[in-house]
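The values are calculated or read from the model by the stated rules, or taken from the named source; none is laboratory data. Keep in mind that what you see is a predicted model, and the values were worked out from it rather than measured. FYI the Cβ positions are ideal-geometry reconstructions off the backbone, even for glycines, and counts take in every protein chain you see.
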There are 2 protein chains.
Amino acid sequence: MTDDPWVPPVVLLAVDLVILTLRESRLHVLLIERGIDPYKGNLALPGGFLRHAEEDITAAAHRELSEEADLDVETLRLEQLGVYGDPGRDPRGRVVSVAYLAIAPRLPEPTAGTDAADAGWQPTDRVLSGDLDLAFDHQRIIADGVERARTKLEHSALGTAFCRPTFTITDLQGVYEAVWGITLDPRNFYRKVQKTEGFIVPAGTSRKAATGRPARLFRAGPCTALYPPMVRPAEGPSAKE
Amino acid sequence: MTDDPWVPPVVLLAVDLVILTLRESRLHVLLIERGIDPYKGNLALPGGFLRHAEEDITAAAHRELSEEADLDVETLRLEQLGVYGDPGRDPRGRVVSVAYLAIAPRLPEPTAGTDAADAGWQPTDRVLSGDLDLAFDHQRIIADGVERARTKLEHSALGTAFCRPTFTITDLQGVYEAVWGITLDPRNFYRKVQKTEGFIVPAGTSRKAATGRPARLFRAGPCTALYPPMVRPAEGPSAKE
DNA sequence: CGAATAGTGTCTATTAGACACTATAAT
DNA sequence: ATTATAGTGTCTAATAGACACTATTCG
């Protein structure tokens with residue numbers, strides 16, 4: 001045992017972004033193809049190291065959002081998802097990553113950024129089933145992100161973030177159905193959403209229709225927390241006889 | 001602009017523990033008095049740097065729990081609360097802290113650990129009101145921890161973690177009332193808790209009574225997630241005319 | 001008109017919340 | 001008996017969930 005004065009170890013700090021959206025009624029996550037080792041060629045979450053020692057972590061997340069995902073920083077709200085710092089999760093050394101969650105409306109394919117060889121939306125169920133091979137512990141991070149989105153739909157107005165600025169109630173129902181993976185009664189959903197004060201507000205004009213009656217348009221309301229919450233039907237444990 | 005190969009910056013990684021308990025019907029948080037600079041003499045959350053470069057973050061949190069708080073690691077479950085890494089939050093340099101939340105039953109005063117000059121439980125409302133001067137951004141971390149506990153009480157069986165191994169329904173009600181800062185109807189609470197399957201299970205013997213009818217004892221049930229959830233009455237926004 | 005989607009009405013079983021009562025102990 | 005706390009019963013208003021209907025567009 002030496003008696004050298006102890007100094008704390010240092011780590012590399014990274015951010016990773018779980019950006020979810022809806023395409024063709026399925027939940028998708030934005031992934032890039034890694035252009036460099038380790039895990040070169042594998043799919044991974046957009047993200048990267050802090051740029052410099054004074055960079056704010058949230059600022060770094062926003063920077064990666066525009067650099068790697070080429071998405072508009074202004075329209076997306078990032079929420080901290082958690083820290084992933086297992087020793088050995090990155091062969092380059094001790095890398096601790098702060099994961100952020102963002103919800104995006106349906107967007108055109110993002111163009112590849114600087115250090116992303118390719119970028120694209122992948123269905124979350126393909127990721128979670130292990131069908132796709134992800135770098136690092138990113139499958140785990142995505143699983144946590146999806147689960148977070150599921151519960152946030154219950155208690156926050158996050159659902160509107162999946163929609164474009166104006167949307168129909170049917171659009172919003174599609175969000176809940178895709179994220180929760182269930183079907184909902186349109187009539188009850190209609191009532192419920194309307195009576196949850198501040199959730200959605202009418203956007204004047206009705207519009208849209210390939211066929212059928214045109215739907216009214218709404219915008220996201222002022223509330224961020226829903227009261228009463230949207231209730232997700234019980235699952236698993238209610239194994240009915 | 002030089003053309004030196006860019007290398008990512010490094011940071012110091014710390015863990016901080018928000019340990020909540022109930023004493024005399026008030027929510028308390030465990031704080032230590034800092035024995036060294038910076039913020040020497042101020043109150044702070046128990047915590048500290050990673051011991052070595054390969055230490056798991058959760059393991060470090062458990063280690064601090066026993067070292068600094070002298071609490072039994074086995075009985076307390078730690079939950080990640082978030083990352084606090086603003087540049088400038090620590091004058092010693094770039095320190096990023098991972099905060100953990102734990103709930104403890106009423107315990108004897110913990111004995112001071114190694115680098116804690118003094119330790120003790122402080123009411124959370126004194127902390128949140130700014131009545132006590134905390135080191136770093138620990139007031140903010142505690143505020144987040146308390147808020148997390150509030151919402152977890154709704155959807156998880158966390159409330160039982162505030163109680164000793166066996167407890168009465170009145171004990172459990174006291175937890176909800178203290179954390180939520182409201183009063184509840186004992187009769188409705190009784191029914192609600194009983195019918196939430198797996199929340200609490202009878203512990204055989206009835207017992208306890210200074211005066212009045214002895215209460216039945218219960219243990220924490222197998223469920224971690226409550227369904228249906230305990231509903232916290234609406235606050236603020238329902239400003240009744 | 002029919003097809004398709006939007007939106008409303010109504011009924012019922014369940015539940016939250018209010019409140020009165022009975023039960024079991026100590027003094 | 002009195003006091004104090006534990007536990008149960010009951011009523012009512014609100015709500016979730018099921019389901020039938022009307023409304024508005026296009027072709």
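For region B:140-154, residues that are crowded, with 18+ Cβ neighbours inside 10 Å and of a type outside the set (Val, Ile, Thr) total 5. Can you spot a residue in region A:196-215 that is within 11 Å of DNA strand D (Cβ to nearest atom), farther than 16 Å from A:PHE162 by Cβ, part of a loop (DSSP other than H, G, I, E, B) and within 14 Å of chain B (Cβ to nearest Cβ)? Within region A:196-215 (the criterion being within 11 Å of DNA strand D (Cβ to nearest atom), farther than 16 Å from A:PHE162 by Cβ, part of a loop (DSSP other than H, G, I, E, B) and within 14 Å of chain B (Cβ to nearest Cβ)), the answer is yes, since at least one residue qualifies.
Screening B:THR205 against (1) away from DNA strand C (no atom under 15 Å from the Cβ); (2) farther than 15 Å from B:LEU158 by Cα; (3) of a type in the set (Val, Ile, Thr) leaves a single unmet condition, (1). Of all residue pairs spaced 6 or more apart or on separate chains, none has beta-carbon atoms under 8 Å together with a first member in region A:4-18 that is more than 9 Å from chain B (Cβ to nearest Cβ) and a second member that is among the basic types (Lys, Arg). Restricting region A:86-101 to residues that are of a type outside the set (D, E, K, R) and not in a strand (DSSP E or B), the residue that is nearest to the other protein chains (Cβ to nearest Cβ) is A:PRO87. Checking A:SER156, A:SER129 one by one, the residue that is over 17 Å from A:THR224 (Cβ atoms) and not charged (D, E, K, R) is A:SER129 and no other. Given the criteria within 10 Å of DNA strand C (Cβ to nearest atom) and assigned to a helix (DSSP H, G or I), does B:ARG191 qualify? Taking the combined requirement at face value, the residue satisfies it. Residue count for region B:19-67 satisfying the condition of being away from every other protein chain (no Cβ under 14 Å), in a loop (DSSP other than H, G, I, E, B) and not basic (Lys, Arg): 10.
Every residue, every condition in (1) of a type in the set (A, V, I, L, M, F, W, C); (2) under 25 Å from A:ALA102 (Cα atoms); (3) at pLDDT 95 or above, yes or no:
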{"position": "A:LEU172", "(1), (2), (3)": "yes, yes, yes"}
{"position": "A:GLU177", "(1), (2), (3)": "no, yes, yes"}
{"position": "A:ILE182", "(1), (2), (3)": "yes, yes, yes"}
{"position": "A:PHE199", "(1), (2), (3)": "yes, yes, yes"}
{"position": "A:ALA203", "(1), (2), (3)": "yes, yes, no"}
{"position": "A:SER206", "(1), (2), (3)": "no, no, no"}
{"position": "A:GLY212", "(1), (2), (3)": "no, no, no"}
{"position": "A:ALA239", "(1), (2), (3)": "yes, no, no"}
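Among the residues of region A:71-85, the ones that are charged (D, E, K, R) and either part of a strand (DSSP E or B) or within 9 Å of chain B (Cβ to nearest Cβ) (or both) come to 1 in all.
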